[in-house]
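Asks: Structure provided below as structure tokens; questions to follow.
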Amino acid sequence: MRKSTQVLMGALSLVSVAVGVEIGATAKPSGIFTPSPTPTTTDPTTTPKPTTPNPTPTSPTPKPTTPTPKPTPKPTKPPAVVSHQSNAVSYRFGTVQLTVTKTGTKITDINMDRAGATNGRAASFPYLVSLALQAQSGSFDTSMMSGATYSTDAFMQALNNALGKF
């Protein structure tokens, strides 16, 4: 699209928004709305029942009150602690295998069983573990890291493999 066409379309859009806002600002409520009742049908075969007056209430004799015992709460079980180990994920610079521990539905621990990486690439794993624990998920933002793409991908594969076993 040409620049002049973009400018023209932008100006037209701005004018239409401004006109819409102006119309909405000056609109007055009509106040004429009245809901119409829905007709009810009566069955001609039924006869109305005569109403009988309620007997006059007599004062009841007071009953002795006894305190109602409160039910004792059942002790709740602590959430189960379950761990699953991922399959070993081989990648360009080594092998990653980890064990994920969950308490209930919360990821509580990630242990690196095998964190093979050459040339210092294993230094990314503790950071990845902390990101995964914060996210409580197998997908999290790693945009703050650089230079560990293959290690990060292998870690994520292993983490998702272990989480898939829950």
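Derivation of every value follows stated rules applied to the coordinates shown; laboratory data play no part. Predicted model only: the values in this text are computed from it and were never measured. We place every Cβ from the backbone using ideal geometry, glycine too, and count neighbours over all the protein chains shown.
Asks: Which strands (runs of 3 or more DSSP E) sit wholly inside the stretch 86-166 and have at least 3 residues that are closer than 30 Å to THR76 by Cβ and not aromatic (Phe, Trp, Tyr)? Write out each step before concluding.
Replies: Values: elements: 89-91, 94-103, 106-115.
Ranges flagged: 94-103, 106-115.
Asks: Within the stretch 143-161, take every residue that is touching a helix residue (DSSP H, G or I) at 6+ places or on another chain (Cβ under 7 Å) and of a type in the set (Ser, Thr, Tyr) and give me the one that is surrounded by the fewest Cβ atoms within 10 Å (Cβ to Cβ).
Replies: Restricting attention to the stretch 143-161, the residues satisfying the condition of being touching a helix residue (DSSP H, G or I) at 6+ places or on another chain (Cβ under 7 Å) are 145, 148, 151-152, 155, 159.
Cutting the leftovers down to of a type in the set (Ser, Thr, Tyr) gives us 151-152.
Numbers: SER151: 25, THR152: 20.
The extreme case among them is THR152.
Asks: Filter the stretch 85-127 for residues that are touching a Phe, Trp or Tyr at 6+ places or on another chain (Cβ under 7 Å) and over 18 Å from GLY164 (Cα atoms); which is surrounded by the most Cβ atoms within 10 Å (Cβ to Cβ)?
Replies: Filtering the stretch 85-127 for residues touching a Phe, Trp or Tyr at 6+ places or on another chain (Cβ under 7 Å) gives 91-93, 96, 102, 112, 115, 117-118, 121, 125.
Right, trim to over 18 Å from GLY164 (Cα atoms) and you get 91-93, 115, 117-118, 121, 125.
Values: TYR91: 18, ARG92: 12, PHE93: 16, ALA115: 23, ALA117: 21, THR118: 10, ARG121: 21, PHE125: 20.
The qualifying residue surrounded by the most Cβ atoms within 10 Å (Cβ to Cβ) is ALA115.
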